[in-house]
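The values are calculated or read from the model by the stated rules, or taken from the named source; none is laboratory data. A quick note: this is a predicted structure, and the numbers were derived from the prediction, not measured.
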Amino acid sequence: MSFKDTLIEEDGFGFVPRPRGSVSSKSREIVRRYTMTNKNKGIVRLISWGASIQSIKIPNRDGKLADVVLGFDDMDGI
């Protein structure tokens, strides 16, 4: 498989969490999400915070996508 068979998209995922007890009004850093989709409809999502895998979705035998990674849907869950 070559890169031409893979679509890569970037979007915002949330903000880096503030340290507990912090009352800083400074602007927080955006966490970016990168979504890679291949020709077989497999999807891998990575986030820039800690270079974490957010999800991996692969089609099952019926063609329905299933997430095989235990991760958070957004930065609020972290």
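Scanning the range 1-44 for residues that are modelled with pLDDT under 75 and polar (S, T, N, Q) returns Ser2, Ser22, Ser24, Ser25, Ser27. When residues in the range 49-68 are screened for being farther than 18 Å from Leu7 by Cα and within 8 Å of the chain's Cα centre (by Cα), 1 of them pass. With the requirement that a residue be part of a helix (DSSP H, G or I) and hydrophobic (A, V, I, L, M, F, W, C), what does the range 41-64 give you? If the condition is that a residue be part of a helix (DSSP H, G or I) and hydrophobic (A, V, I, L, M, F, W, C), then Trp49, Ala51 are the ones that fit.
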